[in-house]
Amino acid sequence: MQQVHSSPARRLNFNAKTDADVAVGIGANTTVFDMDVSQIARLALQITNPGANALDSFVVQGKVNTDGDLLSILTVAADYTTPAGIVVDASGDLTALAAGATGWLILDVLALNMIRITASAAVGATTLRIFAGGA
């Protein structure tokens, strides 16, 4: 009889992305982040606002397949402050991320193919920097 040993599953897929500062204007949402998440189940994002003004919008969109349309999934403060659905956890209301502040977001992206984040500034232009990784 042959004895079989098994060990816990290891992290097989890891994708990381680092974006340079992206200028965010007033009013119209600017695309600040795109990532193919087709090979990962969970995505962690660190969102830093090194700019001079707070945000007034932070929207997470997703595609369920490469040919599909982008769907707005997370759009309002409650989407981040009361985690549900694809939101595993969040640092707080990302729609009003203050100047000089850093927030974070953890998403269950198993059913999605792509994630896009758009944002707009409240009273004057700002910048965003997003670091992401997942497995």
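Values in this text are rule-based calculations from the coordinates and carry no lab data. Since the structure is predicted, the reported quantities are computational estimates derived from the model, not experimental observations. Cβ coordinates were reconstructed from backbone atoms using ideal geometry, including for glycine residues, and neighbour counts include every protein chain displayed.
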Notebook entry, point to check: Within region 49-63, which residues are in contact with a Ser or Thr (Cβ under 7 Å, 6 or more places away or on another chain) and under 12 Å from VAL24 (Cα atoms)?
Noted result: ASN49, PRO50, GLY51, ALA52, ASN53, LEU55, ASP56, SER57, PHE58
Margin query: Restricting to region 73-98, and then to whatever is part of a helix (DSSP H, G or I) and among the hydroxyl-bearing types (Ser, Thr, Tyr), can you tell me which residue is farthest from the chain's Cα centre (by Cα)?
Written below: THR81
Next item on the list: Any chance you could count how many residues in region 99-123 are surrounded by 15 or more Cβ atoms within 10 Å (Cβ to Cβ) and part of a loop (DSSP other than H, G, I, E, B)?
Entry: 6
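Which of the residues that make up region 72-86 are touching a strand residue (DSSP E or B) at 6+ places or on another chain (Cβ under 6 Å) and more than 22 Å from GLY25 (Cβ to Cβ)? Before you say what the answer is, go through the steps one by one.
Applying the first criterion (touching a strand residue (DSSP E or B) at 6+ places or on another chain (Cβ under 6 Å)) to region 72-86 yields 72-75, 80, 83, 86.
Hits for region 72-86 are ILE73, PRO83, ILE86.
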